[in-house]
Amino acid sequence: VFCVELDNGLGAHGYYGLPICDIAGIKASAHYCGPIVHPDERPGAAGGTLQLSAAEEQSASQRVEAVIDSTSRLIRENFPHVHTTPFQTQSCLYTATPDHDYVIGLCPGQISRVVLAGGGSG
C-alpha cells in the first residue's frame, strides 16, 4: 500500500496504490475530488449508467483521461518495473470528510474502551 503526497495536477491529495491479489498488478490512482454526484446519476464516461449531455460526457471523459495520464506518469517515474499502460480502468466513488482526514476516536459514553474508525475519506 502506498500514499504519495505529490501534486498530481488534479488537486492537492496526491496518489494512492495497493496490490491486486487475484492478478499480477497494482491498483493506483491520483486521489482527487470530482464533483458531488448521486451514484445513479454519474456520466457513462465516468463509470455511470446514464448517458448525459454531450458536454457532460466529454467533461467526464477528459477528467478520466487526466487521471490516467497523471497516474501513468507517477508509475513511470517511481515504479520502473511496472507497465504504465493500464490493462483495466474503472471509476469508483467514495466518500470523503471535508479535510480528507480519517475519522477515528474513542466511543462516547460508557463504552470508553471502544475505538471507532471510519475509512470513508478517500
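Quick notes
- Taken over region 71-108, residues that are among the hydrophobic types (A, V, I, L, M, F, W, C) and either closer than 29 Å to residue 38 by Cβ or open to solvent by 80 Å² or more (accessible area, probe 1.4 Å) (or both) amount to 7.
- Scoring residue 63 on the criteria (1) closer than 25 Å to residue 118 by Cα; (2) buried (at least 16 other Cβ atoms within 10 Å of the Cβ); (3) basic (Lys, Arg) leaves a single failure, condition (1).
- Matching residues, region 3-49, being without any contact (Cβ under 8 Å) to a residue 24 or more places away in the chain and either in contact with a helix residue (DSSP H, G or I) (Cβ under 6 Å, 6 or more places away or on another chain) or acidic (Asp, Glu) (or both): 5, 7, 22, 40, 41, 43, 45
- Residue 35 under 16 Å from the mean Cα position of the chain (by Cα), within 27 Å of residue 99 (Cβ to Cβ) and exposed (fewer than 13 other Cβ atoms within 10 Å of the Cβ): yes
- Filtered residues of region 1-27 (kept if among the small types (Gly, Ala, Ser), surrounded by 12 or more Cβ atoms within 10 Å (Cβ to Cβ) and farther than 20 Å from residue 60 by Cβ): 14, 17, 25
The values are calculated or read from the model by the stated rules, or taken from the named source; none is laboratory data. What you are looking at is a predicted structure, and each value in this text was computed from that prediction instead of being measured. In this analysis, Cβ positions are derived from the backbone assuming ideal geometry, glycine residues included, and neighbour counts consider all displayed protein chains. The area values use the complete protein model at the heavy-atom level, side chains included, leaving out ligands, DNA and RNA. Shrake-Rupley method; radii C 1.70, N 1.55, O 1.52, S 1.80 Å.
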